[in-house]
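Note sheet for the following structure.
The values are calculated or read from the model by the stated rules, or taken from the named source; none is laboratory data. Small disclaimer: the values here were computed from a predicted structure and weren't measured. Note: ideal-geometry Cβ built from the backbone for every residue, glycine included; neighbour counts use all protein chains shown.
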Amino acid sequence: MLPVIERLVSWPADVLRPPSALQARLSERIAHETGGSLPTVPAPDWSEPDWENVAPGIECKLLATDEDRQRVSMLVRLAPGASYPSHTHSGVEELFLLDGELWIDERKLYPGDYNYGQPGAGDDLVWSENGCTCVLVTSTRDILR
């Protein structure tokens, strides 16, 4: 199972989610060939957020915010050579690397790797030589040093 997941993780998002025009053409063709009717597709109730530049070489796409628990879930993209500031975790930090490589202090992460940061622990050096994309769930109260 893991090799399949690793292959899917490395695919660009546009391969995993075909354009709506292609989906419509496929639906029409299937309906025509089977003699059925076109399925009605409900309008999505969620619009995908945009990438935001938050620092030189760092982009984020905010997925969810839990104000009560002071936590956020986001996609984070580091450009080649970009680094994240040294910081101390106010709460648990969870990171899952989707693409590329990422150094967190002395540990190099590869696609599929998971990193758990304890509250109160810190990361002195977070950077990517070749660029990366990860899912990050963290506190909104982390302390930048």
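Across segment 115-130, what is the number of residues that are of a type in the set (Gly, Ala, Ser) and in a loop (DSSP other than H, G, I, E, B)?
So the answer is 3.
Need the failing condition index for Gly112 against (1) surrounded by 12 or more Cβ atoms within 10 Å (Cβ to Cβ); (2) part of a loop (DSSP other than H, G, I, E, B); (3) over 16 Å from the mean Cα position of the chain (by Cα), just the number.
Gly112 satisfies every listed condition except (3).
Report the residue count in segment 86-109 for those that are under 19 Å from the mean Cα position of the chain (by Cα) and not aromatic (Phe, Trp, Tyr).
Qualifying residue count for the region: 13.
Matching residues to (1) closer than 21 Å to Lys61 by Cβ; (2) surrounded by fewer than 12 Cβ atoms within 10 Å (Cβ to Cβ):
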residue	(1), (2)
Tyr84	yes, no
Val92	yes, no
Leu95	yes, no
Glu101	yes, no
Gln118	no, yes
Glu129	no, no
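What pairs come up if the first residue lies in segment 100-117 and is assigned by TED's automatic domain parsing to the domain that holds His89, the second is loosely packed, with under 14 Cβ neighbours inside 10 Å and of a type in the set (A, V, I, L, M), and their beta carbons are under 6 Å apart, counting only those six or more places apart or on different chains?
Pairs that qualify, where the first residue is assigned by TED's automatic domain parsing to the domain that holds His89 and the partner is loosely packed, with under 14 Cβ neighbours inside 10 Å and of a type in the set (A, V, I, L, M), are Asp105/Leu125.
Please specify each residue of segment 131-144 satisfying the condition of being in contact with a strand residue (DSSP E or B) (Cβ under 6 Å, 6 or more places away or on another chain) and outside any strand (DSSP E or B).
Gly131, Thr140, Asp142
Kindly indicate whether Ser27 is small (Gly, Ala, Ser), assigned to a loop (DSSP other than H, G, I, E, B), out of contact with any helix residue (DSSP H, G or I) (no Cβ under 9 Å at 6 or more places or on another chain) and at pLDDT 65 or above.
No.
Say we look at segment 122-137 and pick out the residues that are free of Cβ contacts under 8 Å to residues at least 40 places away in the same chain and acidic (Asp, Glu); which of these is farthest from Ala64 (Cα to Cα)?
Applying the filter and picking the extreme gives Asp124.
State all residues of segment 91-109 that are in a strand (DSSP E or B) and over 15 Å from Leu78 (Cβ atoms); if no residue qualifies, say none.
Glu93, Glu94, Arg107 - these are the residues of segment 91-109 that are in a strand (DSSP E or B) and over 15 Å from Leu78 (Cβ atoms).
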